[in-house]
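The values are calculated or read from the model by the stated rules, or taken from the named source; none is laboratory data. The structure displayed is predicted, hence computed values, not measured ones. Quick reminder, even Gly has a Cβ in these numbers, built from the backbone with ideal geometry, and neighbours come from all protein chains shown.
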Amino acid sequence: MTESAYIYGTCINEDEVVQAFRRFIREYQQDEEGQSYYLKELQKGWYTQEGEAMTLRRTMKLPIQGMHIHAFSPELYGYLVDYPSEVVPIFDKELWEISLRELQADPDELGTCQVQIYSLLEKDCRMMRNMNPTDIERLITVKGIVIRVSDLKPDMNRAIFRCTTEDCKNEVNCLLSHWTIQEPTKCDVCGSSHSFQIIHNDCHFTDKQVLKLQETPELIPEGETPQNVAIVVYDDLVNQAL
């Protein structure tokens with residue numbers, strides 16, 4: 001096992017995470033026919049029934065219970081809650097690969113795939129006023145009441161850059177990775193450096209909304225001021241708290 005197989009700054013071997021997640025999707029709660037619970041959920045999510053017509057979804061979202069992951073592999077669950085910024089993108093990428101094989105879909109039709117984690121273990125649930133720096137960049141559950149919502153805001157998740165060199169006009173598609181989009185520094189066609197300009201009208205944006213979450217009344221000690229935190233939600237989670 002080489003050092004390069006580990007994710008920088010962690011003790012996580014990416015290949016092991018990929019293999020464990022693949023086994024989880026394919027083996028968790030298999031039925032008599034050998035088909036797992038989440039493979040069936042994947043197939044349900046691929047098509048939606050509208051009368052007799054089947055409508056193709058461009059974005060695959062697969063909700064997964066954290067408790068199920070822990071029951072299948074406590075080690076994989078530990079990686080998930082300790083390093084969500086690194087592990088969730090690995091899950092998304094492998095889910096796309098699994099969907100491609102299991103659904104026998106065209107890569108262009110499949111679009112993007114996203115894993116949505118919910119229902120963590122009780123030890124990973126926090127009271128708002130008891131959160132501390134050790135919870136930063138970890139996956140936790142917080143209970144509260146939404147007291148304020150912002151307007152919808154566009155959030156770029158795919159950018160198109162065009163080379164400004166005359167007679168080149170090469171375009172590069174850059175995806176959001178770890179919350180940033182890296183601008184290409186060199187054109188592969190003409191070889192120019194730092195010649196790219198973003199084309200805003202061709203970029204892809206998703207919906208973004210900021211919620212203000214406040215402690216529930218039963219969790220507030222007598223005489224104390226309610227604590228609150230800001231929560232950022234995206235895509236199909238916007239406008240759910242009205």
For this session: Check off (1) more than 30 Å from the chain's Cα centre (by Cα); (2) within 23 Å of V115 (Cα to Cα) for L211 and give me the number that stays unchecked.
Result: (1)
Exercise. Taking the stated definitions as given, is E224 part of a loop (DSSP other than H, G, I, E, B) and in contact with a helix residue (DSSP H, G or I) (Cβ under 9 Å, 6 or more places away or on another chain)?
Worked result: yes
Exercise. Using beta carbons and a limit of 8 Å, which pairs, at least six apart or on different chains, have the first residue in the stretch 91-103 and in contact (Cβ under 8 Å) with a residue 40 or more places away in the chain and in the same structural domain as Y79 (by TED's automatic domain parsing) and the second one small (G, A, S) and outside any helix (DSSP H, G or I)?
Worked result: S99/A105
Problem set entry | Filter pass, V146 being within 20 Å of D82 (Cβ to Cβ), of a type in the set (A, V, I, L, M, F, W, C) and touching a residue at least 60 places away in the same chain (Cβ under 8 Å) | no
Problem set entry | Verdict on V232 being under 18 Å from the mean Cα position of the chain (by Cα) and loosely packed, with under 15 Cβ neighbours inside 10 Å | yes
Seminar exercise, completed: The residue that is modelled with the highest pLDDT, considering only those in the stretch 16-54 that are surrounded by 13 or more Cβ atoms within 10 Å (Cβ to Cβ) and acidic (D, E), is E16
Exercise. Taking the stretch 150-181 as the search range and keeping residues that are at pLDDT 90 or above and polar (S, T, N, Q), which one is farthest from I198 (Cα to Cα)?
Worked result: S150
Exercise. What number of residues in the stretch 128-163 are under 22 Å from the mean Cα position of the chain (by Cα) and among the basic types (K, R)?
Worked result: 4
